[in-house]
Amino acid sequence: MSSRSVDRARLDPRLTERLGELTDLGHTGHVLAWDQQVMMPAAGGPARGEALATISRLHHDRLVAPELGALLDEAAVAEPLVARAIRRDHDVARRVPGELTAQMSRAGSDGYAAWLQAREANDFAVFEPALRRNIELVRRYSECFPEAEHPYDPLLDRYEPGTTAAQVTALFQRLREGLVPLMSQIAMQPARQAFTGDFPVAAQREIGLEIVQSMGFDPEAWRLDDAVHPFAASPARCDIRVTSRFDDHSLTGLFALMHEVGHGLYEHGVDPALERTTLDSGVSLGVHESQSRLWENLVGRSPEFWTHWLPRMRDRFPLTLRDVDLDGFIRAINIVRPTLIRVEADEVSYALHVILRYELELALVEGTLDTADLPAAWAAKMKQFLGVDVPDDLSGVLQDIHWSEGVLGYFPTYAIGNVLAAQLWRAAHADIPELAAEISRGELGALRVWLREKIHRHGRLLSPPELIEQAVGGPLDPAPMLEHLRTKYGALYGL
Ligand code: ZN
């Protein structure tokens with residue numbers, strides 16, 4: 001399977017015009033959503049909500065149009081892969097009644113409001129009825145796909161097309177079996193110290209820009225702005241917007257920036273032949289997250305990377321880093337400890353937070369767990385996976401926004417990204433024997449080019465399982481990630 005042969009000239013001009021319109025509506029939605037989080041004054045929210053809903057309705061109407069279906073039938077001979085990928089979007093959109101989509105969207109906004117109130121009161125009971133309604137609706141969504149083996153499959157398919165609950169369950173089983181004992185071994189070691197001292201924001205932003213320019217951030221086609229919750233938005237291949245949030249007392253903003261630039265490099269690296277076909281973006285959330293995590297963790301927390309960058313950091317932050325050597329720096333940016341909060345979790349415990357949510361989601365969708373029993377089930381799994389007690393709903397079941405908006409099936413993609421990142425990292429080192437030496441010299445070009453060739457350029461043309469197969473020579477496999485973590489943290493913590 002290859003995207004090399006894609007030639008838009010072989011498509012009916014009526015089809016390319018329709019695909020161009022769909023691309024433009026998507027582009028508009030991305031710009032409006034980016035602006036909402038970065039530029040818009042707070043009072044603009046309600047009007048922006050209307051504008052986004054209109055764009056999304058227009059996009060949906062054009063996507064389900066029977067004329068598009070007929071043109072895709074014709075295109076199946078000239079450009080089979082293009083036709084197949086867009087046919088899939090068209091079919092999925094047609095299966096779900098507009099009335100159900102509208103109910104889900106309304107229940108999502110109601111759920112978000114109830115979640116905010118429940119957080120205010122630190123009381124899950126305030127949110128429970130709204131969550132119950134969201135679960136009911138996602139189960140109805142699943143029923144639109146009666147051929148699915150498991151009711152969770154159609155939910156997962158929205159974010160990770162072609163992957164099933166059975167596959168995720170098997171993958172996570174192996175991850176759990178590796179991570180839980182590693183985590184408890186590390187938790188028995190004495191706690192490690194984070195940096196003492198400051199990292200002034202202005203200097204972090206400057207060196208952050210130097211670092212991401214070495215990754216491939218090009219001011220001609222990219223922007224960097226501040227946002228409360230860092231994210232990346234890509235209206236087009238040459239219009240990539242990343243955000244970060246720097247903090248004087250830690251380097252988390254710097255790692256968040258590398259993470260978001262990893263997402264941006266994916267969208268920027270799509271084959272130009274796919275532009276305006278709607279296939280010029282990332283194929284799934286899991287594959288997307290493999291790109292961000294690879295740059296953030298496998299590159300950004302490695303001794304090779306800091307061999308080049310630590311002396312430059314010392315120039316910027318002499319007061320804090322004057323007496324910190326490479327080993328000390330690497331220990332300080334790789335502290336592992338069990339935590340209650342997913343977004344604060346380290347490289348080892350992160351996937352356990354995800355597996356916990358996945359297992360609970362699965363039980364909610366299957367109907368074997370009642371929403372009223374969720375906080376207790378949450379607490380039991382936290383104890384089992386991470387050995388910690390959950391003191392209240394806010395630091396437990398109310399911490400994530402996803403369920404409030406009726407988003408189920410999303411969480412697994414975070415851990416799929418970590419698993420795939422380690423597989424790609426291993427494959428890249430096999431293909432580029434001098435990679436570690438290059439990274440130690442601050443040269444990141446060969447890695448970027450390799451990722452572009454294996455992942456980025458394909459856009460949404462191949463399905464995620466096909467893409468993964470051609471990139472790493474097999475399906476998702478937790479072994480490289482577990483081996484990486486055991487080796488790295490075994491040495492750091494003297495296990
Ligand atoms: Zn991400």
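The values are calculated or read from the model by the stated rules, or taken from the named source; none is laboratory data. All values derive from a computational prediction rather than experimental measurement. Glycine also receives a Cβ, built like all others from the backbone with ideal geometry; neighbour counts cover every protein chain displayed. Just so you know, the surface numbers come from the protein's heavy atoms only, side chains and all, with ligands and any DNA or RNA stripped out. Shrake-Rupley method; radii C 1.70, N 1.55, O 1.52, S 1.80 Å.
Among residues belonging to the range 79-130 that are assigned to a loop (DSSP other than H, G, I, E, B) and closer than 30 Å to residue 276 by Cα, point out the one that is most open to solvent (accessible area, probe 1.4 Å).
Going through the qualifying residues, I end up with 97.
Give the number of residues within the range 448-473 that are free of Cβ contacts under 8 Å to residues at least 12 places away in the same chain and over 20 Å from the mean Cα position of the chain (by Cα). Give the steps one after another, and end with the answer.
From the range 448-473, those free of Cβ contacts under 8 Å to residues at least 12 places away in the same chain are 449, 453, 469; that's our starting set.
Remaining after also requiring over 20 Å from the mean Cα position of the chain (by Cα): 449, 453.
Summing the residues that are free of Cβ contacts under 8 Å to residues at least 12 places away in the same chain and over 20 Å from the mean Cα position of the chain (by Cα) in the range 448-473 gives 2.
Does residue 224 fit the bill of being of a type in the set (A, V, I, L, M), touching a strand residue (DSSP E or B) at 6+ places or on another chain (Cβ under 7 Å) and at pLDDT 95 or above? Give the steps one after another, and end with the answer.
Numbers: of a type in the set (A, V, I, L, M): yes; touching a strand residue (DSSP E or B) at 6+ places or on another chain (Cβ under 7 Å): yes; at pLDDT 95 or above: yes.
Yes; evaluated as a whole, the condition is true for this residue.
Residue-by-condition table, conditions (1) free of Cβ contacts under 8 Å to residues at least 60 places away in the same chain; (2) within 30 Å of residue 190 (Cβ to Cβ); (3) of a type in the set (Phe, Trp, Tyr):
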position: 276; (1), (2), (3): no, no, no
position: 281; (1), (2), (3): no, no, no
position: 295; (1), (2), (3): no, no, yes
position: 305; (1), (2), (3): no, yes, yes
position: 314; (1), (2), (3): yes, yes, no
position: 317; (1), (2), (3): no, yes, yes
position: 325; (1), (2), (3): yes, yes, no
position: 328; (1), (2), (3): yes, yes, no
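Examine the range 387-401 for a residue that is within 16 Å of the ligand (Cβ to nearest atom), of a type outside the set (Phe, Trp, Tyr) and under 22 Å from the mean Cα position of the chain (by Cα), and state whether such a residue exists.
Looking for residues that are within 16 Å of the ligand (Cβ to nearest atom), of a type outside the set (Phe, Trp, Tyr) and under 22 Å from the mean Cα position of the chain (by Cα), one finds at least one in the range 387-401, hence yes.
Give the range 306-345 a look and list any residue that's open to solvent by less than 50 Å² (accessible area, probe 1.4 Å) and not in a helix (DSSP H, G or I), or say none.
317, 324, 333, 334, 335, 336, 338, 339, 340, 341, 345
Could you list all residues from the range 188-211 that are open to solvent by less than 20 Å² (accessible area, probe 1.4 Å) and either in a loop (DSSP other than H, G, I, E, B) or among the basic types (Lys, Arg) (or both)?
199
Could you tell me whether residue 149 is open to solvent by 80 Å² or more (accessible area, probe 1.4 Å), modelled with pLDDT of 95 or more and outside any helix (DSSP H, G or I)?
On the way: open to solvent by 80 Å² or more (accessible area, probe 1.4 Å): yes; modelled with pLDDT of 95 or more: yes; outside any helix (DSSP H, G or I): yes.
Yes.
Might you let me know whether the range 31-40 holds any residue that is at negative phi, in contact with a strand residue (DSSP E or B) (Cβ under 9 Å, 6 or more places away or on another chain) and among the β-branched types (Val, Ile, Thr)?
The answer is yes, given that some residue of the range 31-40 is at negative phi, in contact with a strand residue (DSSP E or B) (Cβ under 9 Å, 6 or more places away or on another chain) and among the β-branched types (Val, Ile, Thr).
Could you check the range 212-304 for strands (runs of 3 or more DSSP E) lying wholly inside it with 1 or more residues that are open to solvent by less than 20 Å² (accessible area, probe 1.4 Å) and within 15 Å of the ligand (Cβ to nearest atom)?
232-236, 239-244
Can you tell me which condition residue 468 does not meet? The list is (1) surrounded by 15 or more Cβ atoms within 10 Å (Cβ to Cβ); (2) under 30 Å from residue 113 (Cβ atoms); (3) more than 16 Å from the ligand (Cβ to nearest atom); (4) aliphatic (A, V, I, L, M), and all the others hold.
Exception for residue 468: condition (2).
Looking at the range 371-383, can you tell me whether even one residue there is without any contact (Cβ under 8 Å) to a residue 24 or more places away in the chain, of a type in the set (Phe, Trp, Tyr) and surrounded by 17 or more Cβ atoms within 10 Å (Cβ to Cβ)? First the steps, then the outcome.
The initial filter retains those residues of the range 371-383 that are without any contact (Cβ under 8 Å) to a residue 24 or more places away in the chain, namely 373, 376-380, 383.
So of that shortlist, the ones also of a type in the set (Phe, Trp, Tyr) come out as 378.
Filter again for surrounded by 17 or more Cβ atoms within 10 Å (Cβ to Cβ), leaving 378.
Yes: the range 371-383 contains one or more residues that are without any contact (Cβ under 8 Å) to a residue 24 or more places away in the chain, of a type in the set (Phe, Trp, Tyr) and surrounded by 17 or more Cβ atoms within 10 Å (Cβ to Cβ).
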